[in-house]
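A quick write-up on the structure given underneath.
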Amino acid sequence: MAGSDRPDETAKSAPGASSGPEGDDLARRTRALEAALAARKPARRDDEDKSATGSMAGFGQAMKLSSEFIAGIVVGAGLGWLIDRMAGTSPWGLIIFLFLGFGAGVLNVLRAAGVVAEPGSKAAGDDASKPERK
């Protein structure tokens, strides 16, 4: 009577686990899944300090994207100001080219981030999706 209330006996089997053929099948499938996930996981070296490398790479990427955006706006505003001075259309050239520079900056950031394809490049699936003409 006192032997059946021991905590180590109740903790042996987890809820939902069975010791029959279903439990063996579950253990086999679990091992197969763990092996498949381990094969897909990229190899990691323990000697590398990922946190320092990742933060510096992220900082470099952030600086690149922000400079792409700011350069587009500055060039657009500069061209607008120059056109206004030469043509005497102040402030319309500055306003129009400032918006064009903003759009160019956003497009440059999207291209640098890899969200938008470079002009003139085709995606791999473009040729397969178009029907052939005979």
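The values are calculated or read from the model by the stated rules, or taken from the named source; none is laboratory data. It should be emphasised that the depicted structure is a prediction, and the values quoted were computed from it without experimental measurement. Cβ coordinates were reconstructed from backbone atoms using ideal geometry, including for glycine residues, and neighbour counts include every protein chain displayed.
The set of residues in the stretch 88-115 being at positive phi and more than 30 Å from the chain's Cα centre (by Cα) consists of 88 alone.
Do we have any residue at all in the stretch 59-68 that's more than 22 Å from the chain's Cα centre (by Cα) and assigned to a helix (DSSP H, G or I)?
Among the residues of the stretch 59-68, not one is more than 22 Å from the chain's Cα centre (by Cα) and assigned to a helix (DSSP H, G or I), which makes the answer no.
Whenever a residue of the stretch 22-41 is free of Cβ contacts under 8 Å to residues at least 12 places away in the same chain, its partners that are not in a helix (DSSP H, G or I), lying with C-beta atoms within less than 7 angstrom and at least six residues away or across chains, give the pairs 23/17.
If I filter the stretch 59-104 down to residues being β-branched (Val, Ile, Thr) and touching a Gly at 6+ places or on another chain (Cβ under 9 Å), which single residue comes out as farthest from residue 116 (Cα to Cα)? That would be 83.
Assess whether residue 62 counts as being at pLDDT 90 or above, aliphatic (A, V, I, L, M), loosely packed, with under 11 Cβ neighbours inside 10 Å and under 22 Å from residue 102 (Cα atoms).
In short, yes.
In the stretch 73-88, the residues that are in contact (Cβ under 8 Å) with a residue 24 or more places away in the chain form Cβ pairs under 6 Å with partners that are aromatic (Phe, Trp, Tyr) and part of a helix (DSSP H, G or I), at six or more places apart or across chains, as follows: 73/102; 76/97.
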